[in-house]
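What follows is a short report on a single structure.
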Amino acid sequence: MTAINTRLPKASWSRIRRFTAITTAVSVVLSVFVTNAILVTFSAGTSLAGLAVAVIAPIALGGPLTFVLLLQREQLRQANRQLEQLATTDWLTGCRTRGSFTHEVTTQLSQTTGALLVVDVDNFKAVNDRFGHDRGDQALRLIADTIRGATTSKAIIGRLGGEEFGVFLVGAESTAADWSAERIRSAVAAITFTPDGEKCPLSVSIGGAVYSARTEFAALYHHADQRLYQAKSAGRDRVAMMQAA
């Protein structure tokens, strides 16, 4: 698992410096105001030494303390962001995890139309058996990158488990879904994968379901999975689609 990176981005450092400067400046103003009021009330009046202390003390004490507190807060925010990313991102492929993918698609299903593609790598066990699991992982990363490259930025992509990926095409109708699925299939087939210098063709079978009315994720996945089975049965390296609702 990827370790938490405690290094802060430039935006965080900029925020720390800005808020430290503002807080210190406000502290100096308040300190001068309070010191002046005290000196006027309880002594002969404002003195240069008193004002110097009123200015220097907040800078010397408050500035560093504010910086440390803001630094710790930004580090905590950074760690929380990374933990959230680790929980929702598949460590191997960089796609969403199954849980994250299902949650996001379920949210989309209540808001818009679209299509679900289930993409399964053909004969993946043979790749692992022939070249080893490290090369199999490499193949999965290549395929995940290819799926991302073959879809638009609006597509939601997840690794559903093993060698199976899910692609949700927001707002896609039948023609667009067919085109996207075929684009993914042909792009994967064009991958040059040569583990240990030996050519190893890669291909995927894709089952898809398009919907235009409100539906549940489980039902949509069931339709797409049925079409995936059709594509596998027809000889693999194929696309099979249906209009779900």
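The values are calculated or read from the model by the stated rules, or taken from the named source; none is laboratory data. These numbers were taken from a predicted model, which means no experiment stands behind them. Methodologically, a virtual Cβ is constructed for each residue, glycine included, from the backbone with ideal geometry; neighbour enumeration extends over all protein chains shown. With ligands, DNA and RNA removed, areas are computed over all heavy atoms of the protein, side chains included. Shrake-Rupley method; radii C 1.70, N 1.55, O 1.52, S 1.80 Å.
Structure above, values below:
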| read-out | value |
| --- | --- |
| Long-range amide H partners of residue 242 with built H, under 5 Å | 208, 209, 210 |
| Length gained when the stretch residue 232-residue 10 is fully extended (0.36 nm per residue, less Cα-Cα span) | 75.0 nm |
| Relative contact order computed over the chain (Cα-Cα under 8 Å; 6+ residues apart), in percent | 18 percent |
| Charge dipole (the chain, unit charges on Cβ, about Cα centre) - positive-most of 158, 115, 57 | 57 |
| Helix-derived mean residue ellipticity, 222 nm - over the chain, DSSP H n ≥ 4, -39500 (n - 2.57), to 500 | -19500 deg cm²/dmol |
| Tail beyond 16 Å, pair distance distribution of segment 176-244 (Cα, percent) | 53 percent |
| Selected from 69, 202, 117 as most flexible by GNM, with the chain as the system and alpha-carbon contacts under 10 Å | 69 |
| Selection from 215, 142, 89 lying farthest towards where the dipole of the chain points positive, charges on Cβ | 89 |
| Accessible-area ranking of 222, 103, largest first, probe 1.4 Å | 103, 222 |
| Given charges at beta-carbon only (K, R positive; D, E negative), |dipole| of the chain in Debye | 720 debye |
| Cα-centre dipole for segment 109-245 with unit charges at Cβ (Lys and Arg positive, Asp and Glu negative), debye to 20 | 180 debye |
| For the chain, with +1 on Lys and Arg beta carbons and -1 on Asp and Glu, the positive-most of 8, 192, 174 along the dipole | 8 |
| Distance cut-off 22 Å, percentage of C-alpha pairs in the chain lying past it | 65 percent |
| Nitroxide proxy distance, nm - points 7 Å out along Cα→Cβ at residue 71 and residue 142 | 4.6 nm |
| Calculated FRET efficiency for the pair residue 178/residue 106, C-beta based, R₀ 25 Å, to 0.05 | 0.55 |
| For the chain, the longest site-free run once GluC sites (Glu not before Pro) in DSSP loop states with at most 12 other Cβ atoms within 10 Å are removed | 1-197 |
| Rounded to the nearest 10 Å², the accessible area of residue 112 at probe 1.4 Å | 40 Å² |
| Efficiency of FRET between residue 222 and residue 18 - r from beta-carbon atoms, R0 51 angstrom, step 0.05 | 0.45 |
| Trypsin sites (Lys or Arg not before Pro) restricted to segment 142-198 and DSSP loop, no more than 15 other C-beta within 10 Å | 154 |
| Percent carbon-and-sulfur accessible area, the chain, ignoring ligands, DNA and RNA, probe 1.4 Å | 58 percent |
| With DNA, RNA and ligands ignored, accessible area of residue 134 (1.4 Å probe; Å², nearest 10) | 120 Å² |
